[in-house]
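Accompanying notes for the structure given below.
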Amino acid sequence: MRWILFLILPLALSSGSLAQEIEPLCVRDPAQMPASWRPSAQVQKRLNPAPWSQSEAKDAEYAIKTALDEMIGYFERKPSAVQELWDDSIEALIQATYASVNTPEFDAKVRAAARNNLTALVTPYLNLDPDTAKCSEFERLLPLTLFAHRLYRTNDTRTDVVTKRTNAAYRACGSLKAATGYDLEEFMADREGPPDDLEEAEALEELEDLFDLYLWSVWFIEAEVYPDIELPVEARAFGPKVWKFFETYRLAGASDIEEETSSRKFIKIADLATHIAHIPSGVHRFPLYVEDMPDLYRFHRENFYPVLQSGDLDLLASFLDSLRQYGCSAKNDVQVRDGTRYLLKVFHDGNDRWMNNRGAGQANANIDDYDLIHRPWTAVLGLRDRQPEPPSAGTYGGIVRRWLPHPPDEGKSQLFERSIDETGSND
């Protein structure tokens, strides 16, 4: 995924914050929301209080199908975009099938398109000697190898070839630091306090590294699923260490930032929060629990309406993506309902095309492949319903749950245990 700049203010969590009561999971009635979750009076006036309808659900399905058709059509018309976006050309499509409640036909279509993009990227390596791989290739080869294992049939020779080359590239690196560019222990030790003494540009450049750590974490956790991918012990420890690192940081929300929703800093912080949620859930394939990181859930809730007010549609869709992974939907949660309606309005304002409306100041800009694809990509994630996959042994989710325990009441439905309906009683 594209390396996104962001800024966060680190602050160790106190034992008191961990002991705080966890807020309700899903809330239908705005009056039942904690005060810190609520929109301003000005925003509230523009929101539709009506319950989510079946016709709106059908409209969302249509908007999702349109988004996938736009992306697939774009890649077919412009093959160079596949090379430009690299693994994102696969991610943008295949994420629509994660924790799927889609029809088999829909998922088959998406997987076929994602597989076509993967094949276009893998094919140049097929006739090369794997032993000629260089360390510099490892970062580009690893995600392709992960997708090859997931998208090609068992025993497909293309998976074997790209895996061998990835392993050879890592061996050429000789160490995890050389492969990733990070000495993780050193990196974390140097960032125990906030970088308030740095100029903004310098701070953003320094803290951009945290996005890289998130991405390497997801890749290394996924790689554990496939024994033929050679991983050193340090790589297996990478994800848990990065997660613990993120647990010690407080994300600064809109109320903490002077310029609030107009602030570039706020947008970058909020974007980081949505990506942190990918680590335990495997980019939202497996369950995401409030108990995994209560402050992360709280950040999404308290900054939802500031994000909506910011007009950043891609970021709003990412917030919806996270809230849906916790178990909320447009039917049982007012924030998800309000955000989903906002996405659909923008879709229709763009003549039922996601690529038609890029927002203020972008209409006449030269938009690159990534930006064009990112709108329908995130829209699908914000609109789609889902049923998380069980984190069984041998899966990404199962690996995570070895070092990130299930909530104590996991046997109960977190959706129905803490949801609040219009009367304030348990749903």
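Collect the residues in the range 328-346 that are farther than 16 Å from Ser318 by Cβ, assigned to a helix (DSSP H, G or I) and touching a residue at least 60 places away in the same chain (Cβ under 8 Å), keeping them in residue-number order.
Matches in the range 328-346: Val334, Arg337, Arg341, Leu344.
Name the one entry in Ala172, Ala203 that is of a type outside the set (Lys, Arg), modelled with pLDDT of 95 or more, farther than 22 Å from Arg115 by Cβ and surrounded by 13 or more Cβ atoms within 10 Å (Cβ to Cβ).
Ala172
Hey, does the range 239-254 have a residue that's at pLDDT below 95, surrounded by fewer than 16 Cβ atoms within 10 Å (Cβ to Cβ) and not in a helix (DSSP H, G or I)?
Scanning the range 239-254 turns up at least one residue that is at pLDDT below 95, surrounded by fewer than 16 Cβ atoms within 10 Å (Cβ to Cβ) and not in a helix (DSSP H, G or I).
For residues that are of a type outside the set (Lys, Arg) and in a loop (DSSP other than H, G, I, E, B), tally how many sit in the range 32-54.
Residues meeting the conditions: 11.
With the condition being within 16 Å of Ala379 (Cα to Cα) and not acidic (Asp, Glu), I'd like the helices (runs of 4 or more DSSP H) fully within the range 55-135 carrying at least 1 qualifying residues.
Qualifying helices (runs of 4 or more DSSP H): 88-94, 104-122.
With the structure loaded, tell me whether Thr163 is modelled with pLDDT of 95 or more and surrounded by fewer than 16 Cβ atoms within 10 Å (Cβ to Cβ) or whether it fails that test.
Considered against the rule, which asks whether it is modelled with pLDDT of 95 or more and surrounded by fewer than 16 Cβ atoms within 10 Å (Cβ to Cβ), Thr163 comes out as no.
For His300, indicate whether it is buried (at least 19 other Cβ atoms within 10 Å of the Cβ) and modelled with pLDDT of 95 or more.
yes
The values are calculated or read from the model by the stated rules, or taken from the named source; none is laboratory data. Computed from a predicted structure; not experimentally measured. Note: ideal-geometry Cβ built from the backbone for every residue, glycine included; neighbour counts use all protein chains shown.
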